[in-house]
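*Asks:* Got a structure for you, written out below as structure tokens; questions coming shortly.
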Amino acid sequence: MTDEAALDKEFLVAGCIALQHQGVGRERDGGGGGRYRGRMRDLVRWGLWTWVVLGWAACTGDGGADAAGGDDDAGGARDAGQVDDDAGGGPDAGGGQDAGGGQDAGPVTTCPAPAPAGDDVVIYDDGLAAGWEMYGFSGALTPVTDPVCSGSGALGYTAGQYDGFQFVISDEGAAPAAGSLSVRVYLDAPATWTIAAVPPGEDDPHQFIGEEEWQPGWQVLEYPIPATTAQTYWILFEKQSPGTEDLVIDDLRLHAR
């Protein structure tokens with residue numbers, strides 16, 4: 001340490017001790033203002049006032065400044081707020097329109113059903129397609145005009161538990177290759193149903209591609225058909241939940257892979 005640095009340190013310590021001593025003296029003497037002013041004039045006379053101020057800051061000011069100044073550094077309302085603007089990112093990261101994809105892909109229209117694609121196989125749409133037959137397990141599917149999803153007609157059926165109906169192509173060799181099935185369904189009350197897609201040569205119709213609880217009202221049901229079912233010649237609907245329910249179906253289609 002240089003001589004000048006050592007002298008500076010001594011001035012700082014001396015100023016700190018002097019002022020702290022005067023503070024204690026004032027407390028003990030009940031004020032002692034005259035004695036304090038006298039000592040201060042001596043310090044000014046000695047040319048140490050500047051060092052006393054710096055000494056007082058070194059003894060008492062730094063800690064307070066550090067503790068209080070920590071609001072800017074540690075409290076970080078303004079600093080952390082920058083993170084909020086950048087990382088909170090409502091407009092940047094929220095991304096409902098971009099990531100959600102509903103607006104990009106477009107909503108699925110329940111009723112009426114959109115026009116079939118060119119490679120769709122329409123099995124029922126205001127009437128049963130040529131080359132297909134339909135049967136109920138315990139009764140017939142009947143044409144209805146209310147409720148209807150598309151066009152002017154639909155098919156109604158009353159099913160108990162493990163009851164249902166089926167659509168079968170007359171010429172098994174003409175069974176279409178399909179990657180998925182879609183249908184519009186209407187119920188008055190929730191009920192659990194299964195749907196099966198059966199390939200040619202399979203005698204067991206329980207080749208289920210979906211099972212779920214269907215809800216009241218019209219709904220769109222879409223189920224993928226596994227690649228192991230290269231063709232579909234038999235479509236089975238079977239009710240699994242207990243009780244008897246009325247069901248209406250419309251717009252039954254197979255979609256190409």
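Each value in this text was obtained by applying a stated rule to the coordinates, not by laboratory testing. Because the structure is a prediction, the values reported are computed rather than measured. Every residue, glycine as well, gets a Cβ built from its backbone with ideal geometry; the counts of neighbours run over all protein chains shown.
*Asks:* With no solvent and one equal point scatterer per Cα, compute the Debye intensity ratio I(q)/I(0) for the stretch 115-257 at 0.17 Å⁻¹ and report its log10, rounded to two decimals.
*Replies:* So the normalised log intensities are -0.91.
*Asks:* Out of Pro205, Thr145, Pro226, whose Cα points farthest toward the positive end of the dipole of the stretch 112-257 (charges: +1 Lys, Arg; -1 Asp, Glu; placed on Cβ)?
*Replies:* Pro226
*Asks:* Rounded to the nearest 20 debye, what is the charge dipole size of the stretch 121-255 about its Cα centre when +1 sits on each Lys and Arg Cβ and -1 on each Asp and Glu Cβ? Let's see the in-between values first.
*Replies:* On the way: 3 positive and 20 negative charges, 33 e Å.
Taking the Cα centre of the stretch 121-255 as origin, the dipole is about 160 debye.
*Asks:* When you count, for each residue, the other Cβ atoms within 10 Å and take the mean per peptide, how do 205-215, 245-255 rank with the highest first? It would help to have the intermediate numbers written out before the result.
*Replies:* Numbers: 205-215: 14.5, 245-255: 21.2.
Descending mean neighbour count gives 245-255, 205-215.
*Asks:* First measure r as the distance between the Cβ atoms of Ala140 and Ser170, then evaluate 1/(1 + (r/R0)^6) with R0 = 25 Å and state the FRET efficiency to the nearest 0.05.
*Replies:* Working: r = 18 Å, r/R0 = 0.71.
E(calc), rounded to 0.05, equals 0.90.
*Asks:* At q = 0.27, 0.30 Å⁻¹, what log₁₀ I(q)/I(0) does a Debye calculation on the Cα points of the stretch 164-204 give, no solvent, two decimals?
*Replies:* -1.22, -1.38
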